[in-house]
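A short reminder: the numbers here are calculations on the coordinates, not readings from a lab. From a predicted model like this one, the values you see are computed outputs, not experimental measurements. Quick reminder, even Gly has a Cβ in these numbers, built from the backbone with ideal geometry, and neighbours come from all protein chains shown.
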Amino acid sequence: MKTRHKRLAIIVTGVVGLTVAGLFVLNAFRSNLVFFYSPTEVLEGKVSVPAGKTIRIGGLVEKGSVQRSPDGLKVDFVVTDLNKKLPVHYEGILPDLFREGQGVVTQGRLQPDNTFVASEVLAKHDEKYMPPEAAQALKGGTFTPGGETKKP
Amino acid sequence: MQYMHKYASPKFFYTLAGKLTPWMAALTAVLLVAGLYLGLFVAPVDFQQGESYRIMFIHVPAAWMSMFIYVCMAGAGAIALVWNVKLFEMFAGNCAPVGASFTFLALVTGSLWGKPMWGAWWAWDARLTSELILFFLYIGYMALEASIDDPRRAARASAILALVGVVNIPVIHFSVEWWNTLHQPASVGKVGTPSIHPSMLAPLLLMSLGFTFYFFTVALMRMRNEILERERHTTWVAQLLESKS
């Protein structure tokens, strides 16, 4: 039995050691592994963004901030993390889940005047799944059939 | 330990698995049919995503299975390494193709959902990337196992690879909490406020259970094949083949 216990000990220490080491490495790379920055991080200079570098900004689309051009392809909206706000310009097709008050991740360049020109807009879905009736009951009637964004 | 060796004898296990598989296959079929029916026809539409969310009834259980099977595979590999049990070696080896299939299914269904919902087929966020690494781990495991001729040596080498890869499992699970990711956090398993409606949770759990039974059914069937192949020179296999012919 002794060699078996030894092998078990080697495996347990090995796996635990590797896991701990792996977590330390991931923790060290933490800032490089985030998919996007928040408006606060960018606007308050918590992350250094070199001029002209492509970055991703994530947050909520501020309610009532979406403005579409008459031809429908140019969109202006404000991304907020409920602390700082960042105006975004975008030209292109928006994903189905792009809604006011919902999460969004947008890739593009920060301009010198602290606005953001996006080349890609991705909708970030939250973890809530429920039927429309339940959502209506929760929110007090903000549901629109077909799931269309309400025009401001 | 004596019990383990009795039940883990290939001959005993071959007979036991042969009796179990038809029942497990039937249970798998019932669970999957019920889950798909409830998920695709009974569950209501989602308030944000409409009908498109229904792909999660495949995607989420497949992703859970991809991690569950990996843990089974590494655990069985560790038991095989420590106690030298052949049956666990075989189980670990037969987990890999099933696990790789579920990982592939999770990646593909996620991608199909991601295009209309997020606006992208793929994003290099922590959750998606770590799940892709899991897929590569399965492929690497199978490649390593296939490249060594002696099955016992192959099982030992690949078990060590599987154990090293275990690091990736908590990374996949917690990636959505540790980092900003495009992928949403978990809906199921949180204590307190449920973020998924019961009418949608029921088919999700049925599908997960169905996938679990599918995995064990397939694993047992594959193991029976492997037992026959590995023990083909023994008298009990010869007798078995004689009685069948």
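The phi torsions of region B:96-106, fed into the Karplus equation with coefficients 6.51, -1.76 and 1.60 and a -60° offset, translate into couplings of 4, x, 5, x, 4, 4, 5, 4, 4, 4, 5 Hz, rounded to whole numbers, with Gly and Pro shown as x.
With a ≥ b ≥ c the root eigenvalues of the C-alpha gyration tensor of chain A, is it rounded (a/c under 1.5), prolate (a/b larger than b/c) or oblate? Oblate. In order along region B:52-63, the Karplus-derived 3J(HN,Hα) couplings, from 6.51 cos²θ - 1.76 cosθ + 1.60 at θ = phi - 60°, round to 4, 5, 4, 5, 5, 5, 9, 4, 5, x, 4, 5 Hz, and Gly and Pro are given as x. For peptide B:178-188, the mean count of partner chain Cβ atoms within 10 Å of a residue's Cβ comes to 6. In chain A, the DSSP-assigned H stretches of four residues or longer account for a calculated mean residue ellipticity at 222 nm of -9000 deg cm²/dmol, using -39500 (n - 2.57) per stretch and the full residue count as denominator.
Taking a straight Cα-Cα cut-off under 15 Å and skipping sequence neighbours fewer than 8 places away in the same chain, the aspartates and glutamates within cross-link reach of A:Lys128 are B:Asp46, B:Glu51. Here the label points at A:Ile10 and A:Leu82, each 7 Å from Cα along the C-beta direction, are separated by 5.2 nm in the simple model. Cβ crowding within 10 Å ranks A:Thr3, A:Thr40 as A:Thr3, A:Thr40, fewest other Cβ atoms first.
Which percent, nearest 5, of DSSP beta bridges in region A:35-139 are antiparallel?
The answer is about 85 percent antiparallel.
Among the listed pairs A:Lys2/B:Lys11; A:Lys46/A:Lys124; B:Lys11/B:Lys244; A:Lys63/A:Lys124; A:Lys85/A:Lys124; A:Lys53/B:Lys115, those whose Cα-Cα separation exceeds 20 Å are A:Lys2/B:Lys11; A:Lys46/A:Lys124; A:Lys53/B:Lys115. The 3J(HN,Hα) values that the Karplus relation (6.51, -1.76, 1.60; θ = phi - 60°) gives for region B:36-46 are, in residue order, 5, 5, 4, x, 8, 10, 8, 4, x, 5, 7 Hz. Gly and Pro appear as x.
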